[in-house]
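**Student:** Got a structure here, written out as structure tokens. Questions coming.
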């Protein structure tokens with residue numbers, strides 16, 4: 001039974017999907033259809049979770065908009081997702097970053113950035 005489902009869903013899985021992880025700052029370009037028109041809408045924020053596997057894999061993006069936290073869940077293999085751009089790479093120690101929901105102000109968008117950590121390591125080695 002599962003082999004039949006795997007064969008059917010194999011066509012829908014994107015092979016060239018964008019590589020990003022939890023904690024990265026991303027810009028998700030989604031197709032929006034309004035009547036007979038179609039446009040691209042961008043949702044930018046931090047990936048706080050990735051769940052599931054195969055065709056059911058999803059990721060959650062969180063951002064602060066007008067002082068209010070907004071989260072959207074996107075299917076990784078959705079045909080409505082045009083592309084996912086990685087703005088900031090980060091180093092996280094967890095698989096899900098739900099603790100970001102409790103943060104307020106500037107700290108709500110702060111995650112350890114990879115380039116800042118690499119710069120600090122280089123400075124330590126240079127001593």
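**Student:** Can you name the number of the only condition in (1) without any contact (Cβ under 8 Å) to a residue 40 or more places away in the chain; (2) surrounded by 10 or more Cβ atoms within 10 Å (Cβ to Cβ) that residue 35 fails?
**Tutor:** (2)
**Student:** Scan the range 79-99 and give yes if some residue there is assigned to a helix (DSSP H, G or I) and free of Cβ contacts under 8 Å to residues at least 60 places away in the same chain, otherwise no.
**Tutor:** There is at least one residue in the range 79-99 that is assigned to a helix (DSSP H, G or I) and free of Cβ contacts under 8 Å to residues at least 60 places away in the same chain.
**Student:** I've got another one for you. Is it the case that the range 31-41 has a residue that's under 21 Å from residue 103 (Cα atoms) and at pLDDT 90 or above?
**Tutor:** No.
**Student:** Any residue at all in the range 9-20 that is touching a strand residue (DSSP E or B) at 6+ places or on another chain (Cβ under 7 Å) and either within 14 Å of residue 81 (Cβ to Cβ) or surrounded by 13 or more Cβ atoms within 10 Å (Cβ to Cβ) (or both)?
**Tutor:** Within the range 9-20, one or more residues are touching a strand residue (DSSP E or B) at 6+ places or on another chain (Cβ under 7 Å) and either within 14 Å of residue 81 (Cβ to Cβ) or surrounded by 13 or more Cβ atoms within 10 Å (Cβ to Cβ) (or both).
The values are calculated or read from the model by the stated rules, or taken from the named source; none is laboratory data. If you're wondering where the values come from, they're calculated on a predicted model, not measured in any experiment. Neighbour counts run over all protein chains shown; Cβ positions are idealised from the backbone, glycine included.
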